[in-house]
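> Below you'll find the structure I mean.
What follows is calculated from the coordinates using simple rules that are stated; it is not laboratory data. Note that the coordinates shown come from a computational prediction; the quantities given were computed from them, not determined experimentally. All Cβ positions, even for glycine, are placed from backbone atoms using ideal geometry, and neighbour counts span all protein chains on display.
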Amino acid sequence: KKLLLVDADCGVDDAQALMMALAAPQVQVLGVTCCFGNAPIENVCRNTLRVLRVCNRTEIPVFRGAASSLVGTRASLPIDHFGTDGLGDAPDETDSGTECVQKEHAVSALIRIVCEHEGQVSLVAVGPLTNLALAVRMDPTFPQKLKDLYIMGGNMEGKGNRTVCGEFNFVMDPEAAHVVLNEFSCPMYIATWDFTCRNKLPWEFFDEWVSQDGDKAAFMKRITSKCRAYSRATSRKDVLFGAGFVSYDSYAMAAAIDSSVMSRNIECSVSVELRGELTRGMMILDPSHTLNKKHKAFLTKEWDMNKFTQLLKAALEQSC
Ligand code: BDR
Ligand code: CA
């Protein structure tokens, strides 16, 4: 089986991505490391445990990670349509707190697990990259021990969702993104925010998806009711990308599960702006290699929507 570690800031789309991994028969999830982002770290841990409970996979260990960015004190920035708790503020009757979170810190767990399975672990990072940056500071050999890294974050077209030209995960911790983009030597695949928006799914797909029988679909319907209403109201006005449903983090996850979903990638050096007044956190592409960087990344460019929707569908099937 493919060995996966998931680093997430468990909001609605992180939950979708995690459920996709849990449903994939060819994949074994070794653990989930939590990072602040869509919600404060305690909420992120609680949300992750909740997703694992819904999927009957509570044997998977959950680790508490960074509570704020490397520089400054940015601790979380709830997104309106994900709710203040990150999962649409849908009440959770089964909430049993965060007692089941492992005692070991997420960064130590990342280093340990990757060491135990050297060269075999795919790391899927779908939140701010703080835990990953800390891991390479604690163990500079961490990146070379990974099989590969899949990131949801950044942007290629100069427009952002968190600031005028910055994407959420990179803006939440630009220094961490800088460390990862510049220092991770393993093969690195990035599904940028604008790429995911260019590959939206029709709302008809979403409505059918969450209306299936079973606990998983019912859970998804509950946690997405805020998103659904918000997107109905706003995405028609999205002049750049038009209407549709986007499960941002699921793109990076799908690529990790089945690399053939990426029908074309662009191989390019990338970095992130740290100082610009309007551009802090914006991803920088360097196709002509001006920055003379050692490592390149693969940016997803064309996508097999058919395979992707199959993976998404399976995520909510009760039998998976
Ligand atoms: C990213 O930002 C977060 O809010 C989502 O979970 C996703 O990881 C999209 O820009
Ligand atoms: Ca996320």
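> Between Ala218 and Gln318, what is 0.36 nm times their sequence separation minus the Cα-Cα distance? Round to one decimal in nm.
Numbers: separation 100, 0.36 × 100 = 36.00 nm, distance 1.05 nm.
Working it through step by step, the gained length comes to 35.0 nm.
> Continuing with this model, one more query. If amide hydrogens are placed 1.01 Å from N in the peptide plane, which non-local residues have theirs closer than 5 Å to the one on Tyr150?
So Tyr150 has HN proximity to Leu123, Val124, Ala125, Tyr189.
> Starting from the Cα of Asp95, step 7 Å along the direction of its Cβ; do the same at Glu302; then give the gap between the two resulting points in nm.
4.7
> Which loop-located trypsin sites (Lys or Arg not before Pro) does the range 212-320 contain, where loop means any DSSP state but H, G, I, E or B and the Cβ has at most 13 other Cβ atoms within 10 Å? Present the calculation step by step, with values, prior to reporting the outcome.
On the way: sites: Lys216, Lys221, Arg222, Lys226, Arg228, Arg232, Arg236, Lys237, Arg264, Arg275, Arg280, Lys293, Lys294, Lys296, Lys301, Lys307, Lys313; in loops: Arg275, Arg280, Lys293, Lys294, Lys296.
Answer in residue order: Arg275, Lys294.
> Just how far, in whole angstrom, is the range 44-94 from the range 185-230 if you go by their alpha carbon centroids?
Centre-to-centre (Cα) distance: 17 Å.
> Summing +1 for each Lys or Arg and -1 for each Asp or Glu, what net charge is found among the other residues whose Cβ lies under 12 Å from the Cβ of Ile111?
Values: positive: Arg112, Arg137, Lys145; negative: Glu104, Glu116, Glu118, Asp139.
In short, -1.
> Please tell me which of these pairs span more than 22 angstrom C-alpha to C-alpha: Lys103/Lys216; Lys147/Lys200; Lys145/Lys294; Lys159/Lys301; Lys2/Lys294? Before the final figure, lay out the partial values.
Working: Lys103/Lys216 28 Å; Lys147/Lys200 29 Å; Lys145/Lys294 17 Å; Lys159/Lys301 16 Å; Lys2/Lys294 27 Å.
Checking Cα-Cα distances, Lys103/Lys216; Lys147/Lys200; Lys2/Lys294 exceed 22 Å.
> Pull up the DSSP beta bridges for the chain and report the antiparallel fraction as a percent, rounded to 5.
Around 30 percent antiparallel, to the nearest 5.
> Check each of the trypsin sites (Lys or Arg not before Pro) in the range 66-131 and keep only those in coil by DSSP with at most 16 other C-beta atoms within 10 angstrom; list them in order.
Numbers: sites: Arg74, Lys103, Arg112; in loops: Arg74, Lys103.
Counting only loop positions with at most 16 other Cβ atoms within 10 Å, the trypsin sites (Lys or Arg not before Pro) in the range 66-131 are Lys103.
> Related question: Show the residues, 5+ positions off or on another chain, whose built amide H is closer than 5 Å to the amide H of Val272.
Hits under the 5 Å cutoff: Ile284.
> Which of the three applies to the range 66-202, rounded, prolate or oblate, going by the alpha-carbon gyration tensor with a ≥ b ≥ c and a/c under 1.5 meaning rounded? Spell out each step's value before the answer.
Details: a/c = 1.63, a/b = 1.13, b/c = 1.45.
Oblate, since a/c reaches 1.5 and b/c is not below a/b.
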